[in-house]
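Reading through the structure tokens given below for one structure.
The values are calculated or read from the model by the stated rules, or taken from the named source; none is laboratory data. All of these numbers come straight from a predicted model, not from anything done at the bench. FYI the Cβ positions are ideal-geometry reconstructions off the backbone, even for glycines, and counts take in every protein chain you see.
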Amino acid sequence: MRRLLPYGLAVGGVLAITAALVLVSSRVAVANLGLAYLLLVLWLGARYGKWPAVFASVLAILCYDVALVPPVGSLTVADAGQLGSLLALLAAALVTGQLAGAARRAQGEAQAMAAESRSLYELATTALRLPEVAAALELVRQRMLDVPSVREVALLGLEGDRLVRVTGPEPPEEARREADLAWRRRQPIGLMLDGERLRLLRPTGRQLNRCVLPMASGVLLLTVTDEEVPASGLRLLAALLSLAGLLLDRRRAGHEAERAASLAASDQLKAAILSSISHELKSPIASLRAGLTALLAPAAQLTRDQRELVEGLDRNASHLDHLVGDLLDMARLEAGGAVHPRPEALDDVVGGVLHRLRPELAAFALEVRVPVDLPPVPLDEQQLGRALTNLLENAREWTPPGRTITIGARAVDGAVELSVANDGPPITPGDLDRVFDKFWTRRKGGSGLGLAICKRVAEAHGGTVRAENLRRGPRFTLVLPLSPVGAPSRVPQATGEPDGDGRVLGGIRLC
């Protein structure tokens with residue numbers, strides 16, 4: 001009945017208009033009465049589409065010819081001018097019907113797209129507001145199943161370096177392998193997605209086709225039938241795929257944030273444990289070293305073998321004391337309360353460190369290039385001295401005896417660069433950034449904390465540290481920002497004359 005209703009209205013409307021036109025023409029001579037049918041044709045086309053309007057056009061011409069065109073009562077047209085008017089009326093009715101039908105289709109498509117956009121907006125708003133990403137992805141999955149010819153949908157999310165099922169049925173082993181392959185190659189299987197355009201590739205002879213789409217944070221598994229998906233369905237499916245990719249990115253970001261928080265809590269716990277253990281070990285180690293020093297005194301009257309044994313124990317105790325000191329320094333630096341900077345002369349700090357390390361560096365040629373006119377640098381003398389000591393001990397470890405260790409400093413762009421270079425083997429390019437990680441070392445007996453402490457000291461001063469390979473060997477550079485208003489400090493002047501067995505290099509007296 002619904003399909004026949006437009007045609008019934010066309011018949012009734014044409015007959016009513018014809019009767020009215022016959023009544024009017026019997027009393028008053030009016031030209032172009034046939035144009036009255038156009039209103040009915042336009043209304044039918046706008047309301048019910050093209051074919052009811054075409055039917056009404058043909059019926060109107062027939063009724064007009066029989067009832068109003070001489071000879072009345074037959075389809076014969078006596079006047080050629082009347083025949084032209086009938087043909088023009090038919091053409092006008094057909095064109096207006098076509099236009100009205102096209103306008104109705106365009107309006108219907110616009111309404112459908114508006115309803116689809118509204119539905120997608122409501123779905124996206126609901127999904128993004130849900131606290132559980134898995135529940136939001138399940139909503140998107142259910143909406144995908146409403147698309148014609150879509151049989152099954154599953155979403156796999158990335159956790160670490162593997163894919164896990166997030167929503168949908170557990171995929172079979174073959175589908176798992178296809179998902180892993182598509183993820184590794186970053187190539188879809190069974191479909192093509194170009195921006196917002198989606199196209200399904202259907203192999204011949206298969207009733208079901210499994211499609212795999214790799215996304216930034218997961219993989220979509222889609223099973224479709226061999227039926228053709230309408231353009232609106234493909235458009236909706238492409239929009240849902242974009243929303244699913246966004247939700248998978250959100251899920252991955254949440255997992256990474258939880259992992260980062262867990263690692264941070266673990267680091268804090270390890271730092272607290274190391275700090276506590278280091279504090280507890282300081283006193284016993286100090287007592288042990290004092291006892292070993294007493295045993296090495298002449299009054300102990302040890303034999304040669306006993307003395308060598310005690311000296312070995314003292315060296316090991318000294319190494320243990322150094323390691324515990326590194327742990328304490330690292331714990332204090334990471335706690336953020338171990339640095340108290342004030343304007344200091346950088347060459348004073350360098351000279352003090354070189355004086356303390358004179359015995360350890362005696363086997364090497366030293367070059368000190370620290371200008372005496374450097375501006376005062378806001379620094380913690382003790383902590384920066386510890387960082388410079390670690391850099392020099394690292395250089396001593398990797399420099400052959402008799403080769404050169406160079407200490408340099410210069411003012412560059414509102415900062416001072418303090419560097420230590422040595423003639424030794426280069427650092428592997430892949431390790432230039434890793435050398436500053438905690439507990440990472442290339443030395444067999446190293447703790448891996450010396451360069452890590454240098455990095456923490458530089459960061460605590462608001463600066464940075466970097467490692468690079470020069471032609472002669474590696475160079476480590478501490479970048480320390482200058483104070484906006486430098487406080488006055490004493491800057492030693494070079495005398496150019498050695499004192500005792502010392503020498504003057506770059507304005508710093510080495511004794």
Next item on the list: Mind telling me which of the residues Ala271, Ala286, Ala294, Ala264 ends up being modelled with pLDDT of 80 or more, outside the structural domain of Leu158 (by TED's automatic domain parsing) and assigned to a helix (DSSP H, G or I)?
Entry: Ala294
Next item on the list: Give the residues of region 360-375 that are under 13 Å from Asn422 (Cβ atoms) and assigned to a strand (DSSP E or B), sorted by residue number.
Entry: Ala365, Leu366, Glu367
Check: Take the residues of region 131-159 that are over 20 Å from Asn209 (Cα atoms) and acidic (Asp, Glu): which is modelled with the highest pLDDT?
Finding: Glu138
Checklist line | Residue identified as of a type outside the set (D, E, K, R) and more than 13 Å from Leu480 (Cα to Cα) among Leu384, Leu391, Leu379 | finding: Leu391
Next item on the list: Tell me, yes or no, whether region 380-400 has at least one residue that is assigned to a strand (DSSP E or B), in the same structural domain as Lys455 (by TED's automatic domain parsing) and out of contact with any helix residue (DSSP H, G or I) (no Cβ under 7 Å at 6 or more places or on another chain).
Entry: no
Note to self: Can you pull out every residue in region 160-209 that is of a type in the set (Asp, Glu), within 22 Å of Leu237 (Cβ to Cβ) and at pLDDT 85 or above?
What the structure shows: Glu178
Check: So which of Arg471, Arg410, Arg403, Arg475 is assigned by TED's automatic domain parsing to the domain that holds Asp347 and free of Cβ contacts under 8 Å to residues at least 24 places away in the same chain?
Finding: Arg471
Item checked: Spans of strands (runs of 3 or more DSSP E) in region 414-511 with at least 3 residues modelled with pLDDT under 85 and surrounded by 13 or more Cβ atoms within 10 Å (Cβ to Cβ) -> 503-505, 508-510
Note to self: I'd like to check something: does region 225-233 contain any residue that is assigned to a helix (DSSP H, G or I), free of Cβ contacts under 8 Å to residues at least 60 places away in the same chain and within 23 Å of Ser117 (Cα to Cα)?
What the structure shows: yes
Notebook entry, point to check: Does Ala216 qualify as being of a type in the set (A, V, I, L, M), buried (at least 16 other Cβ atoms within 10 Å of the Cβ) and in contact (Cβ under 8 Å) with a residue 24 or more places away in the chain?
Noted result: no
Margin query: So the check is Cβ under 8 Å with 6+ separation or different chains; which pairs have a first residue in region 1-28 that's more than 14 Å from Cys63 (Cα to Cα) and a second one that's surrounded by 13 or more Cβ atoms within 10 Å (Cβ to Cβ) and of a type in the set (A, V, I, L, M)?
Written below: Pro6/Leu44; Leu9/Leu44; Val24/Leu33; Ser25/Leu33; Ser25/Leu68
